[in-house]
Amino acid sequence: MRYFAELSYLGKNYHGWQIQPNAISVQEVVQKSLSTILRKPIEIVAAGRTDAGVHASQMFIHFDTELELDSEVYCYKINALLPDDIVFHKIFQVNKEAHTRFDAIKRSYEYKILLGKSPFTTDTEWQINQQLNIDAMNQAAKYLLDFTDFKCFSRSKTDVRTYNCDITRAEFVLNGNQLVFHISADRFLRNMVRAIVGTLYAVGLGKIMPETIKEIINSKERSNAGASAPAHGLFLTEIIYPENIKNVNE
């Protein structure tokens with residue numbers, strides 16, 4: 001039987017999601033814990049890969065097992081074994097062909113910026129003490145919805161077949177002194193959100209005009225976009241799947 005599991009994690013102590021030969025990853029910790037609880041080697045597949053230091057308030061994995069899993073019971077067992085910075089929320093059975101990565105129809109990220117300084121959010125917000133023109137940043141962000149090829153915001157060495165993404169939301173929302181960039185799309189390229197935020201940050205500082213974003217995207221050159229924003233401000237927040245992947249016995 002195939003199961004999906006929903007989990008969240010703080011990325012501070014990990015070198016990203018994907019298993020690495022000489023560094024600890026979220027995937028390695030989760031896979032080992034599941035294998036221990038289910039008493040046989042378990043391989044997991046995630047909805048995506050987060051880079052080192054990036055967090056996820058919602059991530060989905062899938063795995064196969066012959067056991068019938070009660071969500072509450074097994075989440076309790078796994079959470080008892082996992083470190084405090086990784087938490088399982090639910091486990092549910094899905095169709096045997098369901099895939100966490102390929103079946104996702106929408107993904108959303110938030111990038112959190114603190115306009116000021118705080119000792120309490122140094123691991124989860126980019127703290128900026130400069131004045132930003134948020135209206136200009138949002139004007140530039142709107143142009144993202146007019147394009148599909150985002151090679152200019154992609155990591156240079158990547159194995160993707162296409163740089164096309166359908167962005168459906170891109171905006172900054174200010175609440176007090178916290179500025180959050182919300183972005184949703186059908187898919188994202190590696191380093192894409194951090195590259196976008198870094199470029200919009202340059203707009204906010206007045207270093208480039210909002211309209212320049214269009215030229216940067218059309219150039220398809222990563223060197224023309226801004227430096228990537230720090231990893232610790234980025235959260236994977238939502239992954240949407242079609243209803244028909246779920247098993248009726250969920």
In the stretch 129-237, if the dipole is taken from +1 on Lys/Arg beta carbons and -1 on Asp/Glu beta carbons about the Cα centre, which of N177, Y163, A136 is farthest to the positive end? Y163
Taking the Cα centre of the stretch 139-220 as origin, sum charge times position over the Cβ atoms of Lys and Arg (+1) and Asp and Glu (-1), and report the length of that vector in debye to the nearest 20. 340
Can you give me the distance in nm between label points at T122 and T212, each placed 7 Å from the Cα along the Cα-to-Cβ direction? 3.2
Express in whole angstrom the spacing between the alpha-carbon centres of the stretch 1-40 and the stretch 61-117. 10
With each label point set 7 Å from Cα along the Cα-Cβ vector, what nm distance links R222 and E72? 4.8
Three-way shape call for the stretch 168-221 based on the alpha-carbon gyration tensor, with the a/c threshold at 1.5: oblate
Checking A227, A170, A80 against a Gaussian network model of the chain (alpha-carbon springs below 10 Å), the top fluctuating residue turns out to be A80
What ratio of Cα Rg to 2.2 N^0.38 Å holds for the stretch 1-144? 1.23
Here the gain from full extension of V87 to D186, 0.36 nm per residue of separation minus their alpha-carbon distance, amounts to 33.1 nm
Simple Cβ-charge dipole of the stretch 92-191, Lys/Arg +1 and Asp/Glu -1, about Cα centre, in debye nearest 20: 300
Mean Cα-pair separation over length for the chain, i.e. relative contact order, pairs under 8 Å, 6 or more apart, %: 25
Whole-Hz couplings from phi, Karplus 6.51/-1.76/1.60, listed for the stretch 80-87; x for Gly and Pro: 5, 8, 6, x, 5, 8, 9, 9
Expected max-MSF residue from T237, T199, T122 in the GNM of the chain (alpha carbon, under 10 Å) is T122
In the structure shown, of K32/K106; K12/K112; K12/K32; K32/K90; K112/K151, the pairs separated by more than 22 angstrom at the C-alpha atoms are K32/K106; K112/K151
Based on Cβ point charges of +1 for Lys and Arg and -1 for Asp and Glu, what charge dipole magnitude is obtained for the chain about its Cα centre, in debye rounded to the nearest 20? 640
Calculate the FRET efficiency for N79 and N244 from the Cβ-Cβ distance with a Förster distance of 30 Å, rounded to the nearest 0.05. 0.55
Select from the stretch 3-96 those trypsin sites (Lys or Arg not before Pro) which occupy a DSSP coil region and have at most 13 other Cβ atoms within 10 Å, ordered by residue number. R39, K96
Mind jotting down a quarter of the surface of the convex hull over the alpha carbons of the stretch 135-204, in square nanometres, one decimal? 4.7
Relative contact order, percent, the stretch 155-218 [alpha-carbon distance under 8 Å, six or more residues apart]: 25
Note on the stretch 80-128: alpha-carbon gyration tensor, axes a ≥ b ≥ c; rule is a/c under 1.5 for rounded, else prolate if a/b larger than b/c, else oblate; result oblate
For the stretch 48-109, calculate the relative contact order in percent as a whole number, restricting contacts to Cα pairs under 8 Å that are 6 or more residues apart. 34
Using all C-alpha to C-alpha distances in the chain, build P(r) with 5 Å bins and read off the rounded percent in each one. 1, 6, 13, 17, 17, 15, 12, 9, 6, 3, 1, 0
Take the alpha carbon gyration tensor of the stretch 150-250, find the square roots of its eigenvalues, order them as a ≥ b ≥ c, and report rounded if a/c is under 1.5; if not, report prolate when a/b exceeds b/c, else oblate. oblate
Quick one: length gained pulling K142 to N95 fully straight, 0.36 nm per residue minus the C-alpha distance? 13.2 nm
Residue-wise HN-Hα coupling along the stretch 13-28, computed from phi with Karplus coefficients 6.51, -1.76, 1.60 (Hz; x: Gly, Pro): 8, 10, 8, x, 6, 6, 4, 10, x, 10, 8, 7, 10, 5, 4, 4
The extension gain from L205 to Y163, computed as 0.36 nm times the residue separation minus the Cα-Cα distance, is 12.3 nm
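No value in this document is a laboratory result; all are computed from the given coordinates. Remember, it's a predicted structure, so these values are computed and weren't measured experimentally. Please note: Cβ atoms are built from the backbone with ideal geometry, for glycine as well, and neighbour counts cover all protein chains shown.
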